[in-house]
C-alpha cells in the first residue's frame with residue numbers, strides 16, 4: 001500500500017511538471033508612464049500571455065489593469081489604442097474571443113504615442129467618453145501555421161512588449177510593458193496537480209520517519 005501511495009504521488013508530480021512545460025503563463029508588467037500629465041505612480045497593470053505548447057498557433061492574452069486604472073474610452077485614435085503588441089516575423093493573425101464587445105482588432109498602428117509603432121492592436125469602439133469602467137480585457141491570437149512568439153518595439157532603446165491606452169490619476173495616455181518579462185508561471189490546475197504530488201511525497205516521508213522512530217524505540 002505504501003508503494004502504491006508513493007507511486008501515485010510521484011505520478012501526480014510528474015503529470016504536473018509535464019503540464020507546466022506544456023502550458024506556461026508569462027507576465028508582462030505595465031510600468032512605463034506615457035500619459036499626458038502622468039497616470040500615477042504605477043505599475044499600471046499586467047499582461048499575462050499563455051503559450052500552450054500543444055497549440056503552437058495561438059496565444060491567450062489577459063490584460064488586467066491596476067486599481068484606479070481603466071481603459072480610456074476616447075478610442076478611434078490614430079495615436080492611442082487600447083492594447084498594442086508585436087509578434088516575431090509579423091505573421092498574419094486573427095484575434096478572436098475578445099471578452100468585451102466594445103473592443104475590436106484594429107491592425108497595425110504606426111505611432112502609439114509616445115511609444116512608436118506596433119504591428120497589432122485592439123481599440124475601444126464603444127461610445128466615446130470617459131470613464132469606461134473597464135479594467136480587464138482578454139483575447140486570443142491565432143495563426144494558420146508556425147509558433148507565435150511575442151516580439152518587441154523599441155522606445156528610447158528600451159524594448160517594449162505591450163502598450164495600453166488608459167485613464168488614471170485624472171489623465172489619459174499610453175502605458176507600456178518594457179524590458180524582460182517575468183518568468184513562466186504554471187497554470188492554476190498545474191499548480192494543483194504539483195501540490196498534490198509534493199503533498200503526497202511529504203506524507204510518505206513523514207510516515208517513514210515515524211516508522212523509523214518506532215523501530216528505534
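As a proxy for reagent exposure, ranking 86, 52, 165 by other Cβ atoms within 10 Å from fewest up yields 52, 86, 165.
Here residue 56 and residue 136 are evaluated by their C-beta separation; at R0 = 30 Å the FRET efficiency comes out at 0.70. Cβ-Cβ distance of residue 128 and residue 41, R₀ of 41 Å, FRET efficiency by 1/(1 + (r/R0)^6): the value works out to about 0.90. The label point for residue 78 and the one for residue 171, both projected 7 Å from the Cα toward the Cβ, are 2.5 nm apart.
Gain on full extension, evaluated as 0.36 nm per residue between residue 111 and residue 90 minus their Cα-Cα distance, stands at 5.9 nm.
With both labels modelled 7 Å from their Cα along Cα-to-Cβ, the residue 64 to residue 104 distance reads 2.9 nm.
So what's Rg/Rh here for the stretch 24-185, counting alpha carbon atoms and using the Kirkwood radius for Rh? Computed over Cα atoms, the ratio is 0.93.
Every number in this text was worked out from the coordinates using simple rules, so none of it is lab data. Since the structure is predicted, the reported quantities are computational estimates derived from the model, not experimental observations. Please note: Cβ atoms are built from the backbone with ideal geometry, for glycine as well, and neighbour counts cover all protein chains shown.
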